[in-house]
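K.L.:
Just dropping this structure here.
The values are calculated or read from the model by the stated rules, or taken from the named source; none is laboratory data. The structure presented is a predicted model; accordingly, all values stated were derived computationally and were not measured. All Cβ positions, even for glycine, are placed from backbone atoms using ideal geometry, and neighbour counts span all protein chains on display.
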Amino acid sequence: MKILICDKTEKECIEQMRAAGLTVDVRDDITPEELPNVLPAYDGMVVRSRTKVRQPLIDVCPNLKVIVRGGVGLDTIDHEYAKSKGIAVMNTPLASSASVAELAIGYMFMLARSLYKASSTMKAEKWEKKAFEGDEIGGKTLGLIGVGNIGKEVAKRASALGMTVVAYDPYVKELSGVKLVTLDELFAQADYISLHLPKTKESANMIGKEQFAKMKKGVRIVNCARGGIIDENALYEALTSGQVACAAIDVFAEEPPTDWKLLKLDNVIGSPHIGAVTKEAQTRIGAEVAAKLIEFAKK
């Protein structure tokens, strides 16, 4: 079975696949223009966020049997179409949960204490102690939109820090230690809102002007899920009006962004989609990718 590695994957995991008898070629810098000419010779492919697998690419790869995405979502793959063509589509939903959860919690601390601003003034050789009165996250209410694997990890950590956790997830009926509420109830109660759901047709731009108006004035927003779930123009307006006090964003509608105005606001901090980018998560992702491909090849 021939496998093409299209994005960065742990070397040890690649060697595991080869030791199991798979033929593995690494082209982790392959371009979208090159893929249609190269991929038809392969039975399977491994991708991360960088490589998109859309219908036109699938149509020129009659030998393709399996696509494995090292990561949580499948929004970079036309997975329903692939499945209709008999192609198995898999991801690694558990491997990066802890890393993304830690980033979300870390961002909450940064927002609560204005650490990004305080650090910036110190680098400018300013001592502005009185300007940085923050508040504790303990005792505050965290509203989680989505409580799948990552959302549950965030809830566990937030509860340990003394936060009250409420959540909205239409697919979850009960969750220990978390009060499940409607979306409007979450907006009305939450001091912090953190998103942990996939981007789908239903969730695209689900947080817009109308939703921001229902939130507590001065709410703090964290998005380590997917870009395009929050309407970025509406978020910009909410941040400049004071309806949203501040925001931390790891994911964007376009990556990298073509319009940087949101990131230039003083009350916004951001990162380049690094939720799963830890040594531990990368190792777990690679191991899970290798295990799934080796198992698939045995069938």
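K.L.:
Quick one: in the range 58-75, which of the residues that are surrounded by fewer than 21 Cβ atoms within 10 Å (Cβ to Cβ) and over 12 Å from the mean Cα position of the chain (by Cα) is nearest to residue 253 (Cα to Cα)?
P.N.:
Residues of the range 58-75 surrounded by fewer than 21 Cβ atoms within 10 Å (Cβ to Cβ): 58-60, 62-63, 65, 73-75.
From what's left, over 12 Å from the mean Cα position of the chain (by Cα): 58-60, 62-63, 65.
Numbers: 58: 24, 59: 26, 60: 28, 62: 31, 63: 32, 65: 30 Å.
Only one residue fits best here, namely 58.
K.L.:
Suppose the filter is under 30 Å from residue 75 (Cα atoms), modelled with pLDDT of 95 or more and charged (D, E, K, R); does residue 102 pass it?
P.N.:
Yes.
K.L.:
For residues that are touching a residue at least 40 places away in the same chain (Cβ under 8 Å), in contact with a strand residue (DSSP E or B) (Cβ under 7 Å, 6 or more places away or on another chain) and polar (S, T, N, Q), tally how many sit in the range 7-28.
P.N.:
The total comes to 1.
K.L.:
Across the range 109-138, which residue is farthest from the chain's Cα centre (by Cα) among those that are hydrophobic (A, V, I, L, M, F, W, C) and more than 22 Å from residue 218 (Cα to Cα)? Steps first, please.
P.N.:
Taking the range 109-138 as the starting set, the residues that turn out to be hydrophobic (A, V, I, L, M, F, W, C) are 109-112, 115, 118, 122, 124, 127, 131-132, 137.
From what is left, the residues that are more than 22 Å from residue 218 (Cα to Cα) are 122, 124, 127.
Working: 122: 31, 124: 33, 127: 36 Å.
The selected residue is 127.
K.L.:
Also: Could you check the range 1-51 and list, in sequence order, the residues that are part of a loop (DSSP other than H, G, I, E, B) and either of a type in the set (A, V, I, L, M) or not assigned by TED's automatic domain parsing to the domain that holds residue 87 (or both)?
P.N.:
Matches in the range 1-51: 1, 20, 22, 30.
K.L.:
Now, a different point. Mind listing just one residue for me: the one in the range 62-75 that is in a loop (DSSP other than H, G, I, E, B) and modelled with pLDDT of 95 or more and, of those, farthest from residue 88 (Cα to Cα)?
P.N.:
Once the filter is applied, the top-ranked residue is 64.
K.L.:
What pairs come out if I take residues in the range 259-277 that are hydrophobic (A, V, I, L, M, F, W, C) and pair them with residues that are in a loop (DSSP other than H, G, I, E, B) and at pLDDT below 95 whose C-beta lies under 6 Å away, six or more apart or interchain?
P.N.:
Filtered contacts from the range 259-277: 276/96.
K.L.:
To continue, here is another question. Would you pick out the residues in the range 248-270 that are closer than 15 Å to residue 101 by Cβ and more than 11 Å from the chain's Cα centre (by Cα)?
P.N.:
Once the filter is applied, which keeps residues that are closer than 15 Å to residue 101 by Cβ and more than 11 Å from the chain's Cα centre (by Cα), the range 248-270 yields only 248.
K.L.:
A follow-up question, please. Which one of these does residue 202 not meet: (1) at pLDDT below 95; (2) out of contact with any Lys or Arg (no Cβ under 9 Å at 6 or more places or on another chain); (3) more than 21 Å from residue 72 (Cβ to Cβ)?
P.N.:
Of (1) at pLDDT below 95; (2) out of contact with any Lys or Arg (no Cβ under 9 Å at 6 or more places or on another chain); (3) more than 21 Å from residue 72 (Cβ to Cβ), only one is false for residue 202: (3).
K.L.:
Output yes when any residue across the range 167-175 is surrounded by fewer than 18 Cβ atoms within 10 Å (Cβ to Cβ), in contact with a strand residue (DSSP E or B) (Cβ under 9 Å, 6 or more places away or on another chain), modelled with pLDDT under 95 and basic (Lys, Arg), and no when none is.
P.N.:
Looking for residues that are surrounded by fewer than 18 Cβ atoms within 10 Å (Cβ to Cβ), in contact with a strand residue (DSSP E or B) (Cβ under 9 Å, 6 or more places away or on another chain), modelled with pLDDT under 95 and basic (Lys, Arg), one finds at least one in the range 167-175, hence yes.
K.L.:
To continue, here is another question. Has the range 238-245 got at least one residue that is surrounded by 23 or more Cβ atoms within 10 Å (Cβ to Cβ) and in contact (Cβ under 8 Å) with a residue 40 or more places away in the chain?
P.N.:
Within the range 238-245, none of the residues are surrounded by 23 or more Cβ atoms within 10 Å (Cβ to Cβ) and in contact (Cβ under 8 Å) with a residue 40 or more places away in the chain.
K.L.:
Which of the numbered conditions does residue 95 fail, given that it passes all the others? Conditions: (1) surrounded by 18 or more Cβ atoms within 10 Å (Cβ to Cβ); (2) in a helix (DSSP H, G or I); (3) small (Gly, Ala, Ser).
P.N.:
Residue 95 satisfies every listed condition except (2).
K.L.:
Does residue 26 meet the test of being under 22 Å from residue 295 (Cβ atoms) and either of a type in the set (Asp, Glu) or within 22 Å of the chain's Cα centre (by Cα) (or both)? Give the derivation first.
P.N.:
On the way: under 22 Å from residue 295 (Cβ atoms): yes; either of a type in the set (Asp, Glu) or within 22 Å of the chain's Cα centre (by Cα) (or both): no.
Criteria not met by residue 26.
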